[in-house]
Amino acid sequence: MSHSHLTISARKQGEYQSDDGASAAPKQPRLKFGKSAEDTDKKGANRRLKDVEICVPIVYGTIAFYLGRKASESQSHKWTVYVRGATNEDLGAVIKRVVFQLHPSFNNPTRVVESPPFELSECGWGEFEIAISLFFHSDVCDKQVDLYHHLKLYPEDESGPQSTKKPVVMESYNEIVFPDPSENFLARVQNHPAVIVPRLPAGFNLPDPVPIENLHEKEKGDTKDHPHSQWFMNFSEADELLKLAAARQQVQAHIIKLRRQLSMMDGLPQLSKPPTGYEFT
Amino acid sequence: MDAKDILGLPKNSLPIPQEKKSRPPKDSQRKPDGISREVYALTGGLAPLMPAIDSSQLKKQPPKDEKITWQWLPFTNSARKDTLQLYHWVRVVNGVPPTGDYSFAKYNKSVDIVKYTDEEYEKYLNDPGWTKEETDQLFDLCQRFDLRFIVIADRFSSSRTVEELKDRYYSVCRAIVVARAPALGDISGNPLVKEPYNVSQEIERKRALSMVLSQTKHQERKDAEVLAEAKRITESRMAAKVAEESELPVPSNAGPESAERASFPGDTVSPSSNVQLPSATIASSALTADNASTLASLRMLRVYLRTYALDQMVQAASSSAGLRTIKRVEQTLQELGVNLKPRVPTKSVCAEHLELRKEILTLLNLQKQLQYKEAEGSSFRDCSYADTPSTPKRSNRGGDQDRTFVPDMSFGESCIIGISGERVGKRDQKRKAPGRLSEAPSSPAQSKRPRKLKASDL
């Protein structure tokens with residue numbers, strides 16, 4: 001993922017130093033700080049930085065395997081629902097826990113996963129919507145984010161029997177945006193591979209980060225070597241950007257033509273010279 | 001009754017000799033006795049709920065056994081401090097003059113002013129800003145003028161403001177009440193104790209009131225505009241917050257309140273900014289205002305998903321567009337091979353997507369404008385156009401570029417009158433150009449040419 005699109009514009013850079021205190025104070029009465037104000041009692045670490053947008057690209061979805069011979073009426077597929085970093089990096093620095101809400105027909109349909117990799121496997125026969133709730137560490141955000149994903153078990157083309165080897169994968173890409181992160185959070189994840197942090201101005205000093213309690217440093221939280229990683233979809237923005245750029249060009253060209261026509265109808269002189277004098281032959 | 005007279009209708013079906021019998025029912029309609037019919041009609045023909053004056057009283061006569069005389073007698077007024085004796089007419093009944101105090105003495109009310117002793121002053125009431133003499137004088141004036149502070153301020157020897165005097169008076173009273181009370185619980189209900197006088201707040205309040213009073217109509221209108229704008233912004237923020245399930249009451253209450261409070265000090269502190277703000281919002285297009293407020297509301301959230309942000313921005317950008325236009329935008333996107341919702345919604349992809357949508361909106365608007373212009377144009381063309389035998393296709397752009405046309409085709413010039421002109425003009429007016437990219441409206445010259453109606457036009 002390129003970082004280029006997240007550089008801060010020049011006029012905002014000068015505001016960092018002076019803005020912090022000012023921006024934190026008026027915000028407090030209007031938005032509840034929740035627990036973060038009480039937990040991290042450090043003065044500076046809790047200051048929030050306006051105009052610094054931290055972005056965490058994630059991919060969430062399901063992968064389902066047909067059980068073939070081992071399938072039964074009630075359990076025909078084995079599936080896993082998961083939330084992973086878009087580049088398969090460890091999300092544990094940002095996400096504290098994930099709650100997967102399954103169909104009520106499951107035992108204990110509310111499944112909580114406390115550590116990365118944030119995934120849950122089950123066996124079943126039916127497709128339903130899974131509600132995924134992301135809870136963040138205390139210095140990140142005290143609000144949860146809810147995602148919804150439809151569990152797909154059956155492949156698009158229904159020709160022939162299902163293969164036990166090839167799973168049905170449905171993934172969605174999204175980005176979690178923190179528009180005003182706390183200094184502590186920023187300091188903690190500044191160089192973390194799972195997090196996109198914009199370039200801070202030179203000389204901007206962050207305090208030493210206060211480590212989060214229960215951070216599973218030792219256990220591997222990334223999904224690079226995940227058993228299912230071969231099935232993970234690839235989300236590249238390049239294709240989409242190209243298509244969008246081409247579309248925009250086309251539309252812009254049409255607009256220019258129409259504007260020219262309109263101005264001609266008004267009898268006004270043309271505002272822009274046509275690139276090729278195609279109308280005057 | 002009278003109405004029937006006026007209308008010339010027969011009064012009663014009863015013949016005249018039976019009038020006497022019909023009178024009692026007539027009488028019962030006339031209630032109560034003693035009030036003439038016209039007066040009764042003034043009340044709307046209904047009896048009052050409670051008779052104000054018992055009608056029997058009106059015809060009452062004073063009891064015959066009493067002898068009434070009127071005498072010029074002296075009297076004293078207990079409300080006076082001196083013993084002045086005045087005279088007035090008195091109604092004497094049977095030689096006995098009325099007893100009791102002067103009847104107006106009871107209206108002489110005054111306020112109970114706290115009276116403190118010198119000891120109490122020394123103990124509780126010493127204040128650096130006030131001397132004992134001043135405080136005594138203040139209380140004396142309060143007593144004399146019944147706490148009319150405007151008058152007291154005027155009469156006060158040194159020039160103190162009304163708020164200062166009030167402050168001193170109320171704090172002295174409070175201190176006395178607290179000192180004299182046996183226990184704090186007894187007086188906790190006393191308004192002096194519960195809500196002490198707040199000088200600065202009072203000064204501010206009065207200043208704000210005078211500001212509001214002296215506002216010109218112009219200023220009032222500007223304030224209304226600013227408040228409306230603030231309300232719109234808070235509402236859009238609220239919409240964002242509802243989606244994010246965050247606490248509503250806090251920001252929504254803070255919003256309008258702070259806007260209102262801002263307008264008061266804002267009046268004097270920065271009257272210029274008040275003037276600028278409404279004009280700025282009026283000047284900027286609704287589109288950028290929506291965009292800006294959406295961005296602002298997004299920033300207010302602690303966390304949001306990129307897709308959510310894109311949805312909000314798309315909504316804001318299409319807020320001025322109708323449902324049909326939005327559908328056409330989506331159609332166009334599909335024709336261009338672009339996903340309606342980006343598959344990889346990164347920041348740059350979302351930004352590009354948004355810009356593309358805006359450009360498509362512009363394009364559609366331009367197409368519509370062009371259509372209108374053509375429709376207008378064709379309505380004043382009586383004329384026709386160059387007599388070309390070929391019917392131009394309503395074709396794609398490739399077709400346009402190949403043809404040559406006269407550059408400055410102003411409508412006035414096309415004055416060749418042909419019988420077919422009007423008909424064609426009408427046809428042009430009726431045609432509806434579908435807003436598709438591939439069928440962009442043809443250039444003016446071509447549309448003026450007479451052409452046969454094609455099935456595709458309908």
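The values are calculated or read from the model by the stated rules, or taken from the named source; none is laboratory data. Here the structure is a predicted model, which means the values were calculated and not measured. Positions of Cβ are generated from backbone atoms using ideal geometry, with glycine treated the same way; all protein chains shown enter the neighbour counts.
Quick notes on this structure:
- Of all residues in segment B:331-362, those being assigned to a helix (DSSP H, G or I) and not β-branched (Val, Ile, Thr) number 17.
- Qualifying positions in segment B:357-377 - over 40 Å from the mean Cα position of the chain (by Cα) and either touching a residue at least 60 places away in the same chain (Cβ under 8 Å) or facing another protein chain (nearest Cβ under 10 Å) (or both): B:Gln367, B:Leu370, B:Gln371, B:Lys373, B:Glu374, B:Glu376, B:Gly377
- Odd one out for A:Asn191, checked against (1) away from every other protein chain (no Cβ under 14 Å); (2) at pLDDT 90 or above: (2)
- Single residue of segment A:217-244 satisfying the filter (part of a helix (DSSP H, G or I) and more than 7 Å from chain B (Cβ to nearest Cβ)) that is surrounded by the fewest Cβ atoms within 10 Å (Cβ to Cβ): A:Gln230
- When segment A:158-185 is limited to residues that are of a type in the set (A, V, I, L, M) and away from every other protein chain (no Cβ under 14 Å), the one that is nearest to the chain's Cα centre (by Cα) turns out to be A:Val169.
- Residue that is nearest to the other protein chains (Cβ to nearest Cβ) [pool: residues in segment B:317-330 that are assigned to a helix (DSSP H, G or I) and free of Cβ contacts under 8 Å to residues at least 60 places away in the same chain]: B:Val329
Yes/no per residue for (1) at pLDDT 90 or above; (2) buried (at least 16 other Cβ atoms within 10 Å of the Cβ):
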{"position": "B:Leu141", "(1), (2)": "yes, yes"}
{"position": "B:Phe145", "(1), (2)": "yes, yes"}
{"position": "B:Val151", "(1), (2)": "yes, no"}
{"position": "B:Arg168", "(1), (2)": "yes, yes"}
{"position": "B:Arg180", "(1), (2)": "no, no"}
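- Matching residues, segment B:68-104, being of a type in the set (Lys, Arg) and exposed (fewer than 10 other Cβ atoms within 10 Å of the Cβ): B:Lys81
- Restricting attention to segment B:78-95, the residues that are among the polar types (S, T, N, Q), farther than 14 Å from B:Lys67 by Cβ and part of a loop (DSSP other than H, G, I, E, B) total 2.
- Segment B:294-316, residues that are small (Gly, Ala, Ser) and more than 11 Å from every other protein chain (Cβ to nearest Cβ): B:Ala316
- Pair list, Cβ < 7 Å and 6+ apart or interchain, from segment A:46-66 residues that are within 11 Å of chain B (Cβ to nearest Cβ) and farther than 29 Å from A:Pro167 by Cβ to residues that are in a strand (DSSP E or B) and of a type in the set (Gly, Ala, Ser): A:Arg48/A:Ser182
- Screening the candidates A:Leu151, A:Leu134 for the property of being touching an Asp or Glu at 6+ places or on another chain (Cβ under 6 Å) and surrounded by 14 or more Cβ atoms within 10 Å (Cβ to Cβ) yields one hit, A:Leu151.
- Some residue of segment B:335-347 being more than 7 Å from every other protein chain (Cβ to nearest Cβ), surrounded by fewer than 15 Cβ atoms within 10 Å (Cβ to Cβ) and within 35 Å of the chain's Cα centre (by Cα): no
- Close pairs (7 angstrom Cβ cut-off, 6 or more residues apart or separate chains): surrounded by 15 or more Cβ atoms within 10 Å (Cβ to Cβ) in segment A:253-277, at pLDDT 65 or above and small (Gly, Ala, Ser) anywhere: A:Met265/B:Gly377
- Selection status of A:Gln101, of a type in the set (S, T, N, Q) and within 14 Å of chain B (Cβ to nearest Cβ): no
- Being more than 24 Å from A:Ser172 (Cβ to Cβ) and under 25 Å from the mean Cα position of the chain (by Cα) is a condition met by no residue of segment A:91-109.
- Residues in segment B:285-307 that are in a helix (DSSP H, G or I) and in contact with a strand residue (DSSP E or B) (Cβ under 9 Å, 6 or more places away or on another chain): B:Leu298, B:Arg306, B:Thr307.
- Pairs, first touching a residue at least 40 places away in the same chain (Cβ under 8 Å) and under 30 Å from A:Glu183 (Cα atoms) in segment A:114-138, second part of a loop (DSSP other than H, G, I, E, B) and among the small types (Gly, Ala, Ser), C-beta under 6 Å, six or more apart: A:Pro116/A:Gly92; A:Pro116/A:Gly221
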